[in-house]
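Below is one structure, written out as structure tokens, with a few remarks after it.
The values are calculated or read from the model by the stated rules, or taken from the named source; none is laboratory data. Since we're looking at a predicted model, the values are computed, not measured. Every residue, glycine among them, receives a Cβ derived from its backbone with ideal geometry; neighbour counts consider all protein chains shown. We work out accessible area using only protein heavy atoms, side chains counted, and drop any ligands, DNA or RNA first. Shrake-Rupley method; radii C 1.70, N 1.55, O 1.52, S 1.80 Å.
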Amino acid sequence: PPHPPSPLIPRNPHTSRASHTSHTPHGSHSSTTETFRCGFPFPETMDGEAEKEVDEETIKLMRSKGTVCVELFKLPDHIFPLPRKERRKAVLGLMKEAKGESFDPYSLSETAEITWFEELIVVSFFAVMLGGPLVTTCIGIYTIFFGTWTGLLMYCIAVAALAYHPMPRFYKGIIESRFSKAFYKYFSFRMIIEDLSIAQPEGNPAWVGASPPHGVLPIANILAMLSINLIARDFVGGGASVVLNSPFLRYMRFFGGLVDVGKKSITSTLDSGVCVGIVPDGIAGMFKTEKDAEVVYLKGRMGLAKYALRTGKPVVPAYSIGNTEVFDPWFDSFGIMEKMSRKLKASILIFWGRWYLPIPRRRNVTLLCGTPIIVDKVPEDEIKDEQVAKVHQRLLDSIQGIFNRHKDALGDGNKKMVFI
């Protein structure tokens with residue numbers, strides 16, 4: 001059950017799921033108690049630079065709301081090109097608000113209508129982004145075994161060009177265009193947000209969003225790069241370094257930007273005021289999917305909890321429903337493909353989707369966002385295993401909580417979440 005709201009969080013009580021754990025304050029030897037908090041406080045007033053992004057009326061409206069749902073595929077076309085300040089205010093007026101902590105069963109299970117042209121846009125993009133690496137690999141194998149030395153040299157030059165050519169920086173244009181709406185419609189994309197303070201950049205620090213499961217491709221996490229930039233604040237995805245320079249796969253940058261998932265890269269991005277989304281079960285999570293259950297490979301992966309303690313950066317627990325349904329994977333039962341993938345930090349498996357091609361099926365995809373976990377910074381040499389375990393358990397509890405609260409509304413009430 002929810003704990004009483006923290007006095008640090010002057011907002012709707014429906015969104016206050018405050019929790020407490022402990023760590024040793026710097027210089028203390030007698031206690032291991034301290035507090036970590038859940039949720040950001042909304043600023044009472046705005047002025048100066050902040051006024052350019054949001055006004056007090058918008059803050060008052062955000063503070064009054066509890067759990068909300070944004071159905072991105074239903075946003076009117078005229079909202080996309082609006083200035084961010086006006087766009088955020090307009091989207092607030094279109095949000096569905098839960099009567100309590102959750103929505104009615106099946107109330108958020110509608111599948112979006114889509115035109116043939118919008119569908120063609122999405123299918124073509126994924127055919128290039130996911131089909132390109134397969135074609136490139138096949139050409140490489142043929143060239144190695146049956147080609148000439150000149151052909152192999154030309155192949156290497158072409159791959160290097162695809163991997164390192166400069167990427168045009170027109171993310172904003174894509175985020176604010178009808179192109180992005182085609183993707184929202186294809187996946188009937190929604191966001192359920194339990195604490196709107198995460199959408200408020202003014203006065204609140206940038207956070208790390210942790211949203212499993214990975215699946216073959218973390219569709220919800222990719223769409224979050226579009227949607228969070230559109231309706232909330234600056235946001236980028238965190239990807240493995242090999243993805244950032246993989247031919248065709250690197251075009252995921254067009255959805256809002258990618259940064260290396262390394263600790264230094266994430267910290268510098270957060271320090272610049274930009275939020276970062278990661279898939280905490282990583283490549284290993286691709287090999288743990290099941291059709292009848294939401295399997296999350298996160299039980300023993302405590303790196304994010306330790307990172308939060310070491311840096312004091314907030315973590316937003318999230319969950320992506322639908323990631324594991326758009327593709328079917330195949331991998332050997334001996335774990336050879338999994339071990340190779342983890343070693344190379346690149347996925348090595350066979351997968352298929354629509355028409356048995358590397359094109360995702362049309363499935364409803366939803367990103368669930370919980371209340372941010374705010375941890376006091378602890379010197380690295382003073383971090384204890386029990387502190388890490390408590391923060392990690394809070395993350396697991398939060399992820400399972402948002403899933404259980406909203407699965408009925410999305411038509412997935414028969415599913416259970418299993419942490420391994």
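Annotations
- Some residue of segment 364-380 being acidic (Asp, Glu), part of a loop (DSSP other than H, G, I, E, B) and within 18 Å of the chain's Cα centre (by Cα): no
- Failed item in (1) within 24 Å of Ile283 (Cβ to Cβ); (2) modelled with pLDDT under 95, with Leu395 passing the rest: (2)
- Check on Arg233, out of contact with any Leu (no Cβ under 7 Å at 6 or more places or on another chain) and either at pLDDT 95 or above or part of a helix (DSSP H, G or I) (or both): no
- Lone unmet requirement of (1) more than 30 Å from Met62 (Cα to Cα); (2) of a type in the set (S, T, N, Q); (3) within 15 Å of the chain's Cα centre (by Cα) for Ser241: (3)
- Where helices (runs of 4 or more DSSP H) sit wholly within segment 102-178, those with at least 1 residues that are among the aliphatic types (A, V, I, L, M) and closer than 30 Å to Gly370 by Cβ occupy 116-146, 171-175.
- Looking only at segment 56-94, and only at residues there that are under 18 Å from Ile402 (Cα atoms) and either more than 22 Å from the chain's Cα centre (by Cα) or in a loop (DSSP other than H, G, I, E, B) (or both), the one that is modelled with the highest pLDDT: Thr67
- For segment 381-395, the candidate set comprises residues that are surrounded by 17 or more Cβ atoms within 10 Å (Cβ to Cβ) and within 21 Å of the chain's Cα centre (by Cα); within that set, the residue that is nearest to Pro218 (Cα to Cα) is Leu395.
- So Ser211, is it modelled with pLDDT of 90 or more and surrounded by fewer than 23 Cβ atoms within 10 Å (Cβ to Cβ): no
- Qualifying residues in segment 160-172 (those that are surrounded by 14 or more Cβ atoms within 10 Å (Cβ to Cβ) and over 19 Å from Gly256 (Cβ atoms)) - the one nearest to the chain's Cα centre (by Cα): Ala163
- One residue from Arg253, Arg361 being open to solvent by 30 Å² or more (accessible area, probe 1.4 Å) and at pLDDT 95 or above: Arg361
- Cβ-Cβ distances below 6 Å connect the following pairs, each with a first residue in segment 372-398 that is among the hydroxyl-bearing types (Ser, Thr, Tyr), a second residue that is at pLDDT 95 or above and buried (at least 21 other Cβ atoms within 10 Å of the Cβ), and a separation of six or more residues or different chains: Ser398/Pro317; Ser398/Gly370.
- Verdict on Ile198 being in contact with a Ser or Thr (Cβ under 7 Å, 6 or more places away or on another chain) and either on the phi < 0 side of the Ramachandran plot or open to solvent by 10 Å² or more (accessible area, probe 1.4 Å) (or both): no
- Applying the criterion of being crowded, with 23+ Cβ neighbours inside 10 Å and small (Gly, Ala, Ser) to the residues of segment 277-299, the residue that is nearest to Lys339 (Cα to Cα) is Gly285.
- Qualifying residue in segment 311-326 (condition: more than 17 Å from the chain's Cα centre (by Cα), farther than 27 Å from Val135 by Cα and surrounded by fewer than 23 Cβ atoms within 10 Å (Cβ to Cβ)): yes
- Just one residue in the set Ile222, Ile192, Ile157, Ile175 is without any contact (Cβ under 8 Å) to a residue 60 or more places away in the chain, within 30 Å of Ser265 (Cα to Cα), open to solvent by less than 50 Å² (accessible area, probe 1.4 Å) and not acidic (Asp, Glu); that residue is Ile222.
- Scan of segment 67-83 for residues that are over 27 Å from Arg363 (Cα atoms) and either hydrophobic (A, V, I, L, M, F, W, C) or surrounded by 19 or more Cβ atoms within 10 Å (Cβ to Cβ) (or both), ordered by number: Leu82
- Within the option set Arg405, Arg342, being open to solvent by 40 Å² or more (accessible area, probe 1.4 Å), more than 30 Å from Pro133 (Cα to Cα) and among the charged types (D, E, K, R) holds for one residue only, Arg405.
- Checked against (1) buried (at least 23 other Cβ atoms within 10 Å of the Cβ); (2) under 29 Å from Lys313 (Cα atoms); (3) at pLDDT 90 or above, Gly239 passes all but a single condition, namely (3).
- Residues in segment 118-154 that are in contact (Cβ under 8 Å) with a residue 60 or more places away in the chain and open to solvent by 50 Å² or more (accessible area, probe 1.4 Å) were compared, and the one that is nearest to Phe73 (Cα to Cα) is Val128.
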